Amino acid sequence: MSDTIEKIKCLIIGSGPAGYTAAIYAARADMKPVMYTGMEPGGQLTTTTEVDNFPGYPEGIDGPTMMIQLQQQAERFGTEVRIGMVTAVEFSKEKGGWHKITVDGSKEVLAQTVIISTGATAKYLGLPSEQKLRGGGVSACAVCDGFFYRNQDVAIVGAGDTAAEEATYLANICKSVTMLVRKDVMRASKAMQHRVENTPNLKVLFNTEVEEVVGDQVVEGLKMINNATGEKSEIAITGLFIAIGHKPNTDIFKGQLDMDETGYLITSGKTTKTNLPGVFASGDVQDKEYRQAITAAGSGCMAALDAERYLATLH
């Protein structure tokens, strides 16, 4: 190994609540963490306006502000935050081995421990009208944003268990929920389908797709098309929830780290350990169950502690 290549004790990939919390703990443990932010500094939270469910903010806080504060807290203890995208990894399989990380396609660094907090990206429909109104009534998280639509009419797109769960969650808060299912059946488990059917203010439209989200600054309605009959219709709503799944940001780790069929990293038991020594995963990249800022932060703390304990075994 050449002497010129930079060696890092603890490298954190990704800058959401998991990455920053890992950085705070790692920095306070004198692990001198270096973080590469990725393409979306601050992660998914930067696309949300109000965060009302994170403990310690009685008045709520907007997502981007919270991420700036987390960054400042991490930097206060000595984390070095670098704008950059990790584009390739070559993990060592040996305990105590150095992991080779490539940033922005060219710069190479070596890391003794790596904490992966690359998150997951919510899938959207991809309509221009939908993208325009993200944060203005279009949301990919009913649990995060449902509260803002109390006693209002909303719609949700999706057909799986998550969509069914979010639809029934919204039905408890909102006046009415219209659920758009693209096919003639739901993918959700029978138990979830029964829950949907037994919710009086929840209406399911099968063979239905969004043609356009109506509204200038905020969502005002939905133009829909029945893909079986070609019939078009429109409803008035104030919120549209997209629940068609998430894609974990794990492509660069394929072939090296164990993943489930969807690409979520698999960690051992209640730890953040991956199948390779010195490589840890925290946040939504390894969590398809809860996907909350607070659970991501908690697992970031765990990853830093796991990394610190791993380093201690090397001496």
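The values are calculated or read from the model by the stated rules, or taken from the named source; none is laboratory data. Bear in mind the structure is a predicted one, so any value in this text is a computation, not a measurement. We place every Cβ from the backbone using ideal geometry, glycine too, and count neighbours over all the protein chains shown. To get the accessible areas, we keep the full protein, side chains included, count just its heavy atoms, and leave off ligands, DNA and RNA. Shrake-Rupley method; radii C 1.70, N 1.55, O 1.52, S 1.80 Å.
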>> Roughly how far apart, in whole Å, are the Cα centres of the range 5-77 and the range 185-207?
In response: 38
> If one takes the longest principal axis of the Cα atoms in the chain, at what angle in degrees, from 0 to 90 and to the nearest 10, does the Cα axis of helix 17-28 lie?
Replying inline: 20
> Which Cys residues of the chain have no other Cys beta carbon under 4.7 Å away?
Replying inline: C10, C174, C301
> Separation between the E209 and K288 pseudo-spin-labels, each 7 Å from Cα along Cα→Cβ, expressed in nm?
Replying inline: 2.4
> So which residue, out of A191, A26, A281, gets the largest mean-square fluctuation from a GNM of the chain using Cα contacts under 10 Å as springs?
Replying inline: A191
> Helix 161-173 versus the longest principal axis of the chain: what is the Cα-based angle in degrees, 0 to 90, to the nearest 10?
Replying inline: 60
>> I'd like the Karplus ³J(HN,Hα) series for the range 260-269: coefficients 6.51, -1.76, 1.60, θ = phi - 60°, whole numbers in Hz, and an x wherever there's a Gly or Pro.
In response: 7, 5, 8, x, 6, 5, 9, 10, 7, x
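Starting from the range 66-163, pick out the GluC sites (Glu not before Pro) whose DSSP state is loop and whose Cβ has at most 16 other Cβ atoms within 10 Å. Can you show the working numbers first?
Working: sites: E75, E80, E90, E94, E108, E130; in loops: E94.
Answer in residue order: E94.
So, with a 1.4 angstrom probe, what is the percent of accessible area on the chain that is carbon and sulfur? The partial results should precede the final answer.
Details: 7740 of 15340 Å².
Reported share for carbon and sulfur atoms: 50 percent.
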> Which cross-chain or sequence-distant (5 or more) residues have an amide H under 5 Å from the amide H of K9, H modelled 1.01 Å from N in plane?
Replying inline: Q112
> Taking amide H positions as placed 1.01 Å from N in the peptide plane, with prolines and chain starts having none, which residues 5 or more places from V214, or on another chain, fall under 5 Å of its amide H?
Replying inline: E220, G221, L222, K223
>> Just to be sure I understand the model, the point goes 7 Å from the Cα along the line to the Cβ. What's the resulting E59 to T102 distance in nm?
In response: 4.8
> Between V86 and residues 5 or more places away or on another chain, which pairs have amide H atoms under 5 Å apart, with H built 1.01 Å from N, and which residues are they?
Replying inline: G38, D104
> In square angstrom, what is the accessible area per residue of the chain with a 1.4 angstrom probe?
Replying inline: 49
> Taking Cα centroids, how far is the range 288-302 from the range 95-167 in Å?
Replying inline: 13
>> Can you give me the distance in nm between label points at S189 and V143, each placed 7 Å from the Cα along the Cα-to-Cβ direction?
In response: 1.5
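Using a Förster distance of 30 Å, how high is the FRET efficiency between D52 and Y124, based on the Cβ-Cβ distance and rounded to 0.05?
Details: r = 22 Å, r/R0 = 0.75.
The pair D52/Y124 has a calculated efficiency of 0.85.
Please give the calculated 222 nm ellipticity per residue for the chain, where each DSSP H segment of at least 4 residues contributes -39500 (n - 2.57) and the sum is spread over every residue; nearest 500 deg cm²/dmol?
-7500 deg cm²/dmol
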>> Net charge around K232, counting only other residues with Cβ within less than 14 Å of its Cβ (Lys, Arg = +1; Asp, Glu = -1)?
In response: -4
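Using the Cα centre as the reference, give the magnitude of the dipole from point charges on the C-beta atoms of the chain (Lys, Arg: +1; Asp, Glu: -1; all else neutral), rounded to the nearest 20 debye. Kindly include the intermediate steps, with their values, before the conclusion.
Values: 30 positive and 38 negative charges, 132 e Å.
Value, rounded to 20: 640 debye.
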>> Can you find, among Q72, L45, P33, the residue sitting farthest towards the positive end of the charge dipole of the range 7-78, where Lys and Arg contribute +1 and Asp and Glu -1 at Cβ?
In response: P33
>> Restricting to Cα pairs below 8 Å that are 6+ residues apart, what does the relative contact order work out to for the range 123-240? Please round to a whole percent.
In response: 27
> Where in the chain lies the longest segment free of chymotrypsin sites (Phe, Trp or Tyr not before Pro) that are both loop residues by DSSP (not H, G, I, E, B) and have at most 16 other Cβ atoms within 10 Å?
Replying inline: 207-289
> How much net charge surrounds L125 when only other residues with a Cβ under 13 Å from its Cβ are counted (Lys, Arg +1; Asp, Glu -1)?
Replying inline: +1
> Considering only DSSP beta bridges with both partners in the range 123-240, what is the antiparallel share in %, to the nearest 5?
Replying inline: 45
> Against the longest principal axis of the chain, how steep is helix 293-312, in degrees 0 to 90 to the nearest 10, with axes from Cα atoms?
Replying inline: 20
>> Please report the antiparallel percentage of DSSP beta bridges with both residues in the chain, rounded to the nearest 5.
In response: 45
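Would you mind counting up the charge near F77? Only other residues with Cβ under 13 Å from its Cβ, with Lys and Arg at +1 and Asp and Glu at -1. Each step should come with its number before you reach the end.
Working: positive: R28, K32, R76; negative: D30, E75, E80.
Here the count lands on 0.
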> What ³J(HN,Hα) values, in whole Hz, does the Karplus curve 6.51 cos²θ - 1.76 cosθ + 1.60 give for the range 80-89 when θ = phi - 60°, with x put for Gly and Pro?
Replying inline: 9, 9, 10, 6, x, 10, 6, 10, 7, 9
